[in-house]
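What follows draws every value from the coordinates through simple rules; no lab data is involved. Here the structure is a predicted model, which is why all the values come from computation and not from measurement. Neighbour counts run over all protein chains shown; Cβ positions are idealised from the backbone, glycine included.
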Amino acid sequence: MKFRKKPVVIEAVQFVGGRESAEEILGFVGSARAATWHFNHDTIAIQTLEGTMIARSGDWVIRGVRGEFYPCKPDIFEATYEPVDA
């Protein structure tokens, strides 16, 4: 059998590294317990449904359909998502 992914609109913010981008991601996630910026490695640890995942510079942070957050590599993001008109 073959399946097609249901079209769904998501919200996402790209982490480009550094304090300003990290603060944008932390504001997007909205909870100090859900994401932590590790400035010495310039990464963001994100609490996901599958446990802690790390976002690195270039990764996208996505809010899923149930309000959960998770990082996504840029090549996967580009292959899976396209911009929509607001």
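Quick notes on this one:
- Single residue of 16, 84, 61, 8 found to be part of a loop (DSSP other than H, G, I, E, B), under 12 Å from the mean Cα position of the chain (by Cα) and aliphatic (A, V, I, L, M): 16
- Here is the figure for the stretch 36-79: residues that are in contact (Cβ under 8 Å) with a residue 40 or more places away in the chain, more than 21 Å from residue 19 (Cβ to Cβ) and not basic (Lys, Arg) total 5.
- So residue 75, is it acidic (Asp, Glu) and surrounded by 15 or more Cβ atoms within 10 Å (Cβ to Cβ): no
- Conditions (1) part of a loop (DSSP other than H, G, I, E, B); (2) touching a Pro at 6+ places or on another chain (Cβ under 7 Å): number failed by residue 53: (1)
- Restricting attention to the stretch 53-77, the residues that are β-branched (Val, Ile, Thr) and touching a strand residue (DSSP E or B) at 6+ places or on another chain (Cβ under 6 Å) add up to 3.
- Residue, surrounded by the fewest Cβ atoms within 10 Å (Cβ to Cβ), within the stretch 52-72, restricted to residues that are within 15 Å of residue 9 (Cα to Cα) and of a type in the set (A, V, I, L, M): 65
- Applying the condition of being outside any strand (DSSP E or B) and under 17 Å from residue 10 (Cβ atoms) to the stretch 29-49 and asking which residue is nearest to the chain's Cα centre (by Cα) yields 29.
- Residue 25 falls short on exactly one of the conditions (1) surrounded by 10 or more Cβ atoms within 10 Å (Cβ to Cβ); (2) in contact (Cβ under 8 Å) with a residue 40 or more places away in the chain, and that condition is (2).
- Taking the stretch 19-28 as the range and being within 22 Å of residue 80 (Cβ to Cβ) and within 11 Å of the chain's Cα centre (by Cα) as the test, the residues that pass are 25, 28.
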